[in-house]
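Participant: Structure below; questions to follow.
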Amino acid sequence: MIETLTTAISGHGPMVKMVWILLAVVILDIASRLLIRKMAALTQKSKTAWDDALIESIGAPVHWLIWVVGLTVALGVSGILPEDIAGMLHVARILIVIALFSWFLFRLIESFGNNLVGTTTLSGGTIDRSLVDIASKLIKLIVVVLAVLISMQTLGFSLTGLLAFGGIGGLAKVFAAK
């Protein structure tokens, strides 16, 4: 069946390929929504809240990922874009995927923080909400820094000098502290 579909797609022009890709994106989006909804129903039956947090966090970024990748691939195979713009489209796709993954991690960190406070309170323990907020903000800052560094590397900036400078700066602070 896949061979028949591949033959049908390759035998036509780029606009037909684009329509097939967009149709696949719509089907994949519907399937992912149904799958996430089914997984959410299953995880609500479990005793832990951590799996619920994961499913809640992944929903919207996955839908955006499907559409962004699908649309950029469809534009790439359509042949309507000049070669240099198609190359920039590829870089833009990578940057958007980095941003979407960071968004997923932000949502996951927030859900885990809320679940940590909620489960501790339900079990009769106490936890300082401000400590959880500080920890989640620190982890989010690490996610942002890593996303910026990965994005800079994707855009062609050499991070070797930047990381070496940070290492030398850290070494200078250590010597200054003594």
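Where a number appears in this text, it was derived from the coordinates with a stated rule and is not lab data. These figures come from a predicted structure and were not determined experimentally. Please note: Cβ atoms are built from the backbone with ideal geometry, for glycine as well, and neighbour counts cover all protein chains shown.
Participant: Taking the Cα centre of the range 21-147 as origin, work out the dipole magnitude from +1 charges on Lys and Arg Cβ and -1 charges on Asp and Glu Cβ, in debye rounded to 20.
Facilitator: On the way: 10 positive and 9 negative charges, 72 e Å.
For the range 21-147, the charge dipole is close to 340 debye.
Participant: Ranked highest first by the average count of other Cβ atoms within 10 Å around their residues, in what order do 106-118, 128-140 fall?
Facilitator: Working: 106-118: 17.3, 128-140: 13.1.
The packing order, highest mean first, is 106-118, 128-140.
Participant: Between ASN115 and GLN44, what is the label-point separation in nm under the 7 Å Cα-to-beta-carbon projection?
Facilitator: The two pseudo-label positions are separated by 1.6 nm.
Participant: How far apart, in nm, are two points set 7 Å out from the Cα along the Cα-to-Cβ line at GLU83 and at LEU28?
Facilitator: Placing both labels 7 Å along Cα→Cβ, they lie 2.7 nm apart.
Participant: Counting Lys +1, Arg +1, Asp -1, Glu -1, what net charge surrounds ALA60 among other residues with beta carbon under 11 Å of its beta carbon? Please list the in-between numbers first.
Facilitator: Details: positive: ARG33, ARG107; negative: GLU56.
Net local charge, ALA60 excluded: +1.
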